[in-house]
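Reviewing the structure listed below.
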Amino acid sequence: MTIKPIRKAVFPVAGLGTRFLPATKAMPKEMLTVVDKPLIQYAVEEALEAGIEQIIFVTGRGKGALEDHFDISFELETTMRARGKSLSVIENIRQQPGSPVYVRQQEPLGLGHAVWCAREIVGDEPFAVLLPDELMVGTPNFLAQMVAAYNEVGGNVIGALEVAPEDTDKYGIISPGARNGALTEVAALVEKPAKGSAPSNLMIPGRYILQPEVMQILDAKETGAGGEIQLTDAMAKLIGKQPFHGFTFNGERFDCGDKTGFIMANLALALDRADIGPAVRAFAKARVG
Ligand code: G1P
């Protein structure tokens, strides 16, 4: 088996973000900021650091701010330059001309459908998927750790993290086979199992390295949990045909699709910052005692 390198990453960013209304009424949820950076930028930086060469956004109506964020901001840059201000905080966001690539998901038919919308750009090679709601902090970063593992075992490698047993109905859940260090064989997958029926508490935290055959399975547009076309269901059909492993990340996860997780991410990352950390710490201590 030849192990092809992972060069492309798909970011499904068409979601409506109803959990964050009214903040996300006129602004993409991926532009919500943790300290001073939008969620999408954390995910894109994670991918670039992991060696990804092509960024693919699966976007939709009302998501123009994402495109602007990764573009040159002519007025801003010209003004900052004229005022002698450093452009370093915005220059590193910009991509090469012609990148990222944007494709549209016209209707919210599920994560599997969103990934499938990128099929022409992905083509016949393995690719990564990152869900920007899930903010991962670690060195090396989550995707970089997964790519290193993938380069050893090939096939499909998906994130695998333990959650509280009462939360398993919110996620894709792995039925685990043999474990070898950070890698766990995936015996089966189920999307949002009903309470009390989960095969384990090992959830899929929005990081995937997948073989292109998953796109052919998604072609069938079969629906699953919540009436949506689920990526988890399509991946499940690859088990037994291709190597399939879960990878447990050595680092910290913040579920920024949820208000509590989002506030925790802001607090944790603010406390770690040299510039604002001490003041935030003093405030937090005084506030909570
Ligand atoms: C999606 C996936 C699920 C995964 C989760 C991670 O669910 O379908 O398998 O565990 O992301 O955040 P969603 O949060 O879109 O309902």
Self-check item: Positions within the stretch 243-286 being open to solvent by 80 Å² or more (accessible area, probe 1.4 Å), within 19 Å of the chain's Cα centre (by Cα) and more than 16 Å from the ligand (Cβ to nearest atom), in sequence order
Solution: ASN250, ILE263
Self-check item: Qualifying residues in the stretch 6-30 (those that are assigned to a loop (DSSP other than H, G, I, E, B) and touching a Pro at 6+ places or on another chain (Cβ under 8 Å)) - the one most open to solvent (accessible area, probe 1.4 Å)
Solution: LEU16
Self-check item: Members of the stretch 184-199 found to be surrounded by fewer than 19 Cβ atoms within 10 Å (Cβ to Cβ) and either of a type in the set (A, V, I, L, M) or in a strand (DSSP E or B) (or both), listed by number
Solution: GLU185, ALA187, ALA188, ALA194
Quiz prompt | Selection within the stretch 89-112 - within 16 Å of the ligand (Cβ to nearest atom), surrounded by fewer than 23 Cβ atoms within 10 Å (Cβ to Cβ) and farther than 30 Å from ASN266 by Cβ | solution = GLU107, LEU109
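Residues are listed down the side, and each one gets a yes or a no for (1) closer than 27 Å to TRP116 by Cα; (2) touching a Gly at 6+ places or on another chain (Cβ under 9 Å):
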residue	(1), (2)
ASP233	yes, yes
GLY251	no, yes
LYS259	no, no
ALA270	no, yes
ARG287	no, no
Self-check item: Residue among GLY172, GLY226, GLY181, GLY246 that alone is free of Cβ contacts under 8 Å to residues at least 24 places away in the same chain and not polar (S, T, N, Q)
Solution: GLY181
Self-check item: the stretch 169-183, subset among the hydrophobic types (A, V, I, L, M, F, W, C) and open to solvent by 20 Å² or more (accessible area, probe 1.4 Å), residue farthest from the chain's Cα centre (by Cα)
Solution: ALA178
Quiz prompt | Count of residues meeting criterion [open to solvent by less than 20 Å² (accessible area, probe 1.4 Å) and farther than 17 Å from GLN105 by Cβ] in the stretch 44-65 | solution = 5
Quiz item: What's the number of the condition GLU125 fails, among (1) surrounded by 23 or more Cβ atoms within 10 Å (Cβ to Cβ); (2) within 17 Å of ARG7 (Cα to Cα)?
Solution: (1)
Exercise. Please go through the stretch 225-260 and pick out each residue that is assigned to a loop (DSSP other than H, G, I, E, B) and aromatic (Phe, Trp, Tyr).
Key: PHE249
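To keep it simple, each residue is scored yes or no on (1) in contact with a strand residue (DSSP E or B) (Cβ under 6 Å, 6 or more places away or on another chain); (2) more than 15 Å from the ligand (Cβ to nearest atom); (3) within 25 Å of PHE57 (Cα to Cα); (4) open to solvent by 30 Å² or more (accessible area, probe 1.4 Å).
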| site | (1), (2), (3), (4) |
| --- | --- |
| GLY138 | no, yes, yes, no |
| ALA149 | yes, yes, yes, no |
| GLY155 | yes, yes, yes, no |
| ASP167 | no, no, no, yes |
| ASN201 | yes, no, no, yes |
| TYR208 | yes, no, yes, no |
| GLU222 | no, no, yes, yes |
| LYS241 | no, yes, no, yes |
Quiz item: Among ILE72, ILE56, which is the only one that is under 15 Å from the mean Cα position of the chain (by Cα) and not in a helix (DSSP H, G or I)?
Solution: ILE56
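The values are calculated or read from the model by the stated rules, or taken from the named source; none is laboratory data. These numbers were taken from a predicted model, which means no experiment stands behind them. For neighbour counting, all protein chains shown are included, and Cβ atoms are generated from backbone atoms with ideal geometry for every residue, glycine included. Each accessible area value is taken on the protein alone, full model and side chains, heavy atoms only, with ligands, DNA and RNA left out. Shrake-Rupley method; radii C 1.70, N 1.55, O 1.52, S 1.80 Å.
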